[in-house]
Amino acid sequence: MRRWVLGMAVLGLVASLTTGCRIPRPDENTVVASFYPLYFIAERVAGRYNHVVDLTPPGVEPHEYELSVRQVAEIDNARVGFYERGVAPSVDQAMDNDSPDHRLDVTEVVHLAASVGGSGVESTSDDRDPHFWQDPSLMAEAATAFADTMATADPAHAAYYRTQGRRLAGDLHRLDTAYADTLASCRIRTVVVSHDAFEYAARRYHLDIVPIAGIEPDAEPSFQRLHDLANLIRDRGVTTVFFETLASPRLAESLAGDVGVRTGVLDPIEGLTSADPDATYLTLMRQNLAALAKAGDCS
């Protein structure tokens with residue numbers, strides 16, 4: 001028995017040294033979130049009484065990330081799993097096969113719109129646009145549902161979770177109001193972006209979002225697509241071509257250079273980068289609002 005205990009202790013020590021990751025205590029309550037916007041909600045609502053883990057590392061596209069063995073074990077041992085089915089196949093599989101005690105798939109509580117491809121035509125397939133967090137009102141719905149899930153998972157702190165959920169929903173509704181008030185006066189309502197991650201903002205605030213590529217950030221547009229975009233930029237007086245933080249700016253810079261307009265950053269907030277350690281969903285959304293207001297000549 002002593003040999004078995006010693007062997008398990010050595011294995012645990014080796015695992016912690018080789019991965020460089022902190023091993024949660026056996027009695028620790030863990031909440032796993034599949035990528036940053038969901039982590040932001042989970043940390044705000046449940047961070048006081050739980051260790052909240054973002055399964056997608058900073059600077060990585062959640063669409064492309066494959067879970068490690070350790071992360072699959074974290075999901076299996078978690079009190080709550082919070083994810084969006086369809087964003088990361090490895091997370092979907094782990095949630096199905098290594099289920100936490102409680103889990104919330106955000107697609108069950110937030111209506112996802114059909115994706116709009118690079119042609120600007122709404123998809124007729126079952127594909128759904130996953131980027132709901134670009135609409136703060138939908139983030140508020142997700143926050144309220146997550147607070148309810150936490151209340152069920154941890155009844156001793158149910159009142160706290162629901163209070164935190166209401167407070168976060170209030171912050172998100174105020175952000176929504178700021179977007180609506182600021183963007184209502186924009187003279188230029190066409191926004192050219194590197195990939196199709198902003199359709200929820202377009203629907204909510206009556207903008208015309210025109211992506212260079214489709215819903216996948218690394219998709220390559222055709223020569224005809226780039227030609228049509230150049231004409232659109234000239235015809236509509238677009239001042240800025242936006243690129244994003246987690247993908248190459250090459251296409252945006254090339255297109256902007258061809259038509260003589262500036263480039264800017266519009267963050268899809270799929271994950272954080274290390275550029276600003278104090279950045280949060282709320283601060284990044286307000287930075288996006290400022291960039292949109294400048295590009296759109298909003299009074």
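None of the figures in this text is laboratory data; all of them are computed from the coordinates on show. This one's a predicted model, so the numbers in the text were calculated from it and none came from an experiment. So basically every Cβ, Gly included, is an ideal-geometry build from the backbone, and we count neighbours across all protein chains shown.
Quick notes
- Cα gyration tensor shape of segment 171-299, rounded if a/c is under 1.5, else prolate or oblate by comparing a/b with b/c: oblate
- Computed 3J(HN,Hα) for segment 223-229, one whole-Hz value per residue from the Karplus formula 6.51 cos²θ - 1.76 cosθ + 1.60 where θ = phi - 60°, is 4, 4, 4, 5, 4, 5, 5, glycine and proline marked x.
- Karplus 3J(HN,Hα) series, Hz, for segment 276-292 with 6.51 cos²θ - 1.76 cosθ + 1.60 (x for Gly, Pro): 9, x, 9, 5, 9, 3, 5, 5, 5, 5, 6, 5, 4, 4, 4, 5, 5
- Our Cα-only numbers for segment 166-242 put the radius of gyration and Dmax at 14.8, 48 Å.
- Protection proxy ranking, highest mean first, for peptides 188-198, 86-96: 188-198, 86-96, where packing is the per-residue count of other beta-carbon atoms within 10 Å, averaged.
- Order by protection proxy (mean Cβ within 10 Å, highest first), peptides 169-176, 132-139: 132-139, 169-176
- For the listed peptides 251-259, 146-154, a ranking on the average number of other beta carbons within 10 Å per residue, highest first, reads 146-154, 251-259.
- Using C-alpha pairs below 8 Å separated by at least 6 residues, the relative contact order for segment 48-93 is 38 percent.
- Remark on V52: its backbone amide H falls under 5 Å from those of V31, a criterion applied only to residues 5 or more positions apart or on other chains, H modelled at 1.01 Å from N.
- Convex hull volume per residue in cubic angstrom - Cα atoms of segment 59-199: 135 Å³
- Selection of GluC sites (Glu not before Pro), segment 59-91, meeting DSSP coil and at most 14 other Cβ within 10 Å: E64, E66
- Under 5 Å from the amide H of I209 lie the amide H atoms of V191, each residue being 5 or more positions distant or on a separate chain, with H modelled from the backbone and absent for Pro and chain starts.
- Per residue, the convex hull around the alpha carbon atoms of segment 128-175 comes to 55 Å³.
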